[in-house]
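Student: I'd like to ask you about the structure that follows.
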Amino acid sequence: MASKPAGAIKKASREVPRHLVMRIARYAETVVGKTDVIEAHNEVARREGRVSLAKFGRSVSQARLAGIRNQIENGVPAYVILVFRVAVGFTGFAARLRTIVDDGTSPPKMSIPTYYDDLEVGDASCWFELDGPLTQTELDGLRLTTNDRPLLEVLKECRTSLLFVQGQMGRGRE
């Protein structure tokens with residue numbers, strides 16, 4: 001059986017939708033107590049039709065963000081998937097990514113959940129503006145873009161807070 005030329009393999013891999021996975025704690029510790037991160041973002045999304053999600057800590061690779069931006073500009077949906085540990089593994093909540101703000105500015109205040117004001121973690125390194133509420137999603141079938149390993153396998157072995165994955169999202173997402 002003839003193998004495919006290297007260029008054909010690369011082209012096919014670019015056509016697979018790519019998404020961002022953020023490992024989070026379901027409940028954020030703030031100066032005023034615990035906040036359910038999913039519900040706080042969904043409350044804003046239901047009210048405003050969009051919601052902004054902050055990425056704290058180290059900045060994200062500009063090349064990787066450019067790839068996600070390009071995908072969105074070409075009409076291929078990208079999602080932000082929030083993942084946290086549950087009793088028997090991991091669960092994920094996803095929303096379609098509208099835009100990325102990483103130029104030092106903040107998105108409109110009305111799109112930011114109020115609990116961010118009570119966090120003591122410094123400034124966000126970037127913001128992800130999401131189209132609508134976060135809904136529970138399947139994580140099976142998502143694979144890392146760097147080495148094609150299954151996301152669920154990698155989550156069990158490392159504590160990396162931001163991962164880039166590829167694959168189709170669960171039914172009803174696209």
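Student: I need the full set of residues from region 125-174 which are of a type in the set (Gly, Ala, Ser) and within 16 Å of residue 60 (Cα to Cα), in order please.
Tutor: The initial filter retains those residues of region 125-174 that are of a type in the set (Gly, Ala, Ser), namely 125, 132, 141, 161, 167, 170, 172.
Residues satisfying the conditions are 125, 161.
Student: Could you list, in sequence order, all residues of region 112-143 that are in contact with a helix residue (DSSP H, G or I) (Cβ under 8 Å, 6 or more places away or on another chain), modelled with pLDDT under 90 and among the charged types (D, E, K, R)?
Tutor: none
Student: Scanning for something under 17 Å from the mean Cα position of the chain (by Cα), touching a residue at least 12 places away in the same chain (Cβ under 8 Å) and more than 25 Å from residue 46 (Cα to Cα), does region 91-105 turn up at least one residue?
Tutor: Going through region 91-105, the residues under 17 Å from the mean Cα position of the chain (by Cα) turn out to be 91-102.
Then drop every residue that is not touching a residue at least 12 places away in the same chain (Cβ under 8 Å), which leaves 91-102.
Filter once more, keeping what is more than 25 Å from residue 46 (Cα to Cα): none.
No, region 91-105 contains no residue that is under 17 Å from the mean Cα position of the chain (by Cα), touching a residue at least 12 places away in the same chain (Cβ under 8 Å) and more than 25 Å from residue 46 (Cα to Cα).
Student: Taking region 75-114 as the search range and keeping residues that are part of a strand (DSSP E or B) and touching an Asp or Glu at 6+ places or on another chain (Cβ under 6 Å), which one is surrounded by the most Cβ atoms within 10 Å (Cβ to Cβ)? Walk me through how you get there before you give the answer.
Tutor: First pass over region 75-114, keeping only residues part of a strand (DSSP E or B): 79-86, 89-101.
Imposing the further condition that a residue be touching an Asp or Glu at 6+ places or on another chain (Cβ under 6 Å) reduces the set to 96, 98-99.
Values: 96: 17, 98: 19, 99: 14.
Within region 75-114, the match that is surrounded by the most Cβ atoms within 10 Å (Cβ to Cβ) is 98.
The values are calculated or read from the model by the stated rules, or taken from the named source; none is laboratory data. Because the structure is predicted, anything quoted here is derived from the model rather than measured. Cβ atoms come from the backbone with ideal geometry, glycine included; neighbour counts cover every protein chain shown.
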